[in-house]
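Below: the structure, in structure tokens.
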Amino acid sequence: MYRAALTGKATIKGNDLTVSSVLVIDNDVSTSSGGVHFAGDIVIKGNVLTGAEVWAKGNIEVDGCVEAAVLTAGKNVVLKNGMQGNGKGIIKAGKNVSGKFFEQVTIEAKENVSANAAMNCNITCGDAVNIAGRFGIIVGGKVQALREIEATIIGNMSETRTVLEVGTAEDLYG
């Protein structure tokens, strides 16, 4: 009988048994491949397709693009590209969320959210939202942060409804 000092993915190579706290997925994650639930960190080298669910107790990192999926991390969510959520995409993070862009995504982060662009998103975070870089634009949706919201451009000429809220959380004194 073996007992691991940490929770993770067990692999056997020859006579060696190793347990890794990082799960690396080299392919796309989709509904056909099933949801991914892991007690450590998850690194996805491909895309996360519509309908897929990814849950990690640690961090989630995606090298490809994310469609209308659900990502839930106990720590950080890092998207090397971005997410086109089609109104159904959800990201929940115990710490920070970052990506190149977010479009039609609901984001809940306990700490910070950062991106190059946020379009028609509902973002709630416990610290700051920083939309900067090449575009630095927030257009449409609702963005809430306790400390600050920073962007180069907010809104657009077509008057897409864009709501920003900065300040105290309702349950702060509750």
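The values are calculated or read from the model by the stated rules, or taken from the named source; none is laboratory data. Not measured: the values here are computed from a predicted model. Cβ sites come from the backbone with ideal geometry, for glycine too, and all protein chains shown count toward neighbours. Ligands, DNA and RNA are excluded from the accessible area calculation, which covers all protein heavy atoms including side chains. Shrake-Rupley method; radii C 1.70, N 1.55, O 1.52, S 1.80 Å.
Before moving on, here are some points about what is shown:
- Of the chymotrypsin sites (Phe, Trp or Tyr not before Pro) found in segment 55-156, not one falls in a DSSP loop while having at most 11 other beta-carbon atoms within 10 Å.
- Between segment 43-65 and segment 103-153, the C-alpha centres lie 20 angstrom from each other.
- Each peptide in 86-94, 122-130, 65-73, 21-29 receives the mean, over its residues, of other Cβ atoms within 10 Å, and ordering these scores from highest gives 65-73, 122-130, 86-94, 21-29.
- Top of Met157, Met83, Met119 by mean-square fluctuation, Gaussian network on the chain, Cα under 10 Å: Met157
- In segment 94-174, GluC sites (Glu not before Pro) in a DSSP loop with at most 10 other beta-carbon atoms within 10 Å: Glu159, Glu170
- Cα extents for the chain along the principal axes, largest to smallest and rounded to whole angstrom: 64, 37, 25.
- Normalised by residue number, the volume inside the convex hull of the Cα atoms of segment 86-174 is 90 Å³ per residue.
- The residues of the chain have, on average, 57 Å² of accessible surface per residue, using a 1.4 Å probe with all protein chains present.
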